[in-house]
């Protein structure tokens, strides 16, 4: 027997820019990003835009085209491709095919660019199409939500939902660049503004106690109705920096192991999104998942009651609901399709290997476990139900209406 072992070391580098009004003709950032050294004849540009932006920015496609026509006419930018907003962008396999067709018709190659403008789901869709066409086209992400700018839009994952499983199809492909244009944020609904804050709380809890202290101190400024722009800009920058630092320094940027610390609170959150047919925003589901795992951590003796209360109080202060009826529906039957506990196996299967769940041992101190006690999780669910509702709620839509300003 003969064996050849080859080590491959590949370095990735990309910039995450924080800017205001990127398509102002006087702003040269995007122009500088696409000023590549290659022969201009080989560079093309295709823009993918989230349809949910158009009621607020109806002239956005025109502004994008005008910007690049003025700055770099050799790009020959094609008419923008519009895709549905929110999770529907990731649920329809025809949309991936449509983007591949648009890429082919535009004559894009691996030296060309796809500029994706929108929320996290639209960026995921565009990123998956970009990663799989020609084995990779340069992707410039422009997240327009808090969640996109501080978490999903700055990382290396791209995915769509398939076969009834969230993020079943995907690819690890770092972006060419990320442009966080803060001027998009004022148009967000209170729910979407709040939703991204959940990911900041998450990363603070497992990585940065001082950041959690800051979120506590700024809760009134951050939460609706105040929505302080300066406080949010600080949150987004720090949250993005913590996510990027983990990706770069964890030793496992493409998740080949079994550990997923940045998915603290997510095993139940992903399942809740599906069980509610995505009536819950991702961040809303993550807030519930954080509350569940923090309560479980306390019941297991890992976390002091004072720290548990700080976390739940901060989630309350931001305006999150900490319970949805689907959380403990069919909890007595973990194999039932409607049980949130199905999310444990989906979480394990997504990476493979043993189940690895991040819990909390203190503010800023995560701890990984490989086994959980479902009876204790049921206790945690009951405590959250009592804390949040004080009584029964018929469905998640009713619950959101009742608990959202």
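Tell me the helices (runs of 4 or more DSSP H) entirely within region 40-106 that contain at least 3 residues that are closer than 16 Å to residue 138 by Cβ and assigned by TED's automatic domain parsing to the domain that holds residue 125. Break it down into steps so the answer makes sense when it comes.
Numbers: elements: 60-71, 88-91, 93-105.
Filter on region 40-106 gives 93-105.
What are the residues in region 225-247 that are surrounded by fewer than 16 Cβ atoms within 10 Å (Cβ to Cβ) and outside any helix (DSSP H, G or I), if any?
225, 226, 228
Sort through 361, 380, 317 and tell me the only one that's at pLDDT 95 or above, surrounded by fewer than 20 Cβ atoms within 10 Å (Cβ to Cβ) and within 14 Å of residue 290 (Cβ to Cβ). Break it down into steps so the answer makes sense when it comes.
Numbers: 361 fails: within 14 Å of residue 290 (Cβ to Cβ); 380 fails: surrounded by fewer than 20 Cβ atoms within 10 Å (Cβ to Cβ).
Among 361, 380, 317, only 317 is at pLDDT 95 or above, surrounded by fewer than 20 Cβ atoms within 10 Å (Cβ to Cβ) and within 14 Å of residue 290 (Cβ to Cβ).
Out of curiosity, is residue 205 touching a residue at least 24 places away in the same chain (Cβ under 8 Å), surrounded by fewer than 22 Cβ atoms within 10 Å (Cβ to Cβ), under 19 Å from the mean Cα position of the chain (by Cα) and outside any loop (DSSP other than H, G, I, E, B)?
So residue 205 does not fit the description; no.
Residues in region 296-311: is at least one touching a residue at least 12 places away in the same chain (Cβ under 8 Å), farther than 19 Å from residue 197 by Cα and under 22 Å from the mean Cα position of the chain (by Cα)?
no
Take region 119-136 and flag every residue that is buried (at least 24 other Cβ atoms within 10 Å of the Cβ) and either part of a loop (DSSP other than H, G, I, E, B) or at positive phi (or both).
Filtering region 119-136 down to residues buried (at least 24 other Cβ atoms within 10 Å of the Cβ) leaves 119-130.
The one that is buried (at least 24 other Cβ atoms within 10 Å of the Cβ) and either part of a loop (DSSP other than H, G, I, E, B) or at positive phi (or both): 119.
Given the conditions (1) part of a helix (DSSP H, G or I); (2) touching a strand residue (DSSP E or B) at 6+ places or on another chain (Cβ under 8 Å); (3) modelled with pLDDT of 95 or more, which single one is not true for residue 153?
(3)
Would you check if there is a residue in region 161-170 being crowded, with 21+ Cβ neighbours inside 10 Å, outside the structural domain of residue 293 (by TED's automatic domain parsing) and in contact with a helix residue (DSSP H, G or I) (Cβ under 9 Å, 6 or more places away or on another chain)? Step through it out loud before you land on a result.
Step one: of region 161-170, the residues crowded, with 21+ Cβ neighbours inside 10 Å are 161, 166.
Imposing the further condition that a residue be outside the structural domain of residue 293 (by TED's automatic domain parsing) reduces the set to 161, 166.
Then drop every residue that is not in contact with a helix residue (DSSP H, G or I) (Cβ under 9 Å, 6 or more places away or on another chain), which leaves 161, 166.
There is at least one residue in region 161-170 that is crowded, with 21+ Cβ neighbours inside 10 Å, outside the structural domain of residue 293 (by TED's automatic domain parsing) and in contact with a helix residue (DSSP H, G or I) (Cβ under 9 Å, 6 or more places away or on another chain).
The values are calculated or read from the model by the stated rules, or taken from the named source; none is laboratory data. Keep in mind the model is a prediction, meaning the values are calculated, not measured. Using ideal geometry, Cβ is built from the backbone for each residue, glycine included, and neighbour counts are taken over all protein chains shown.
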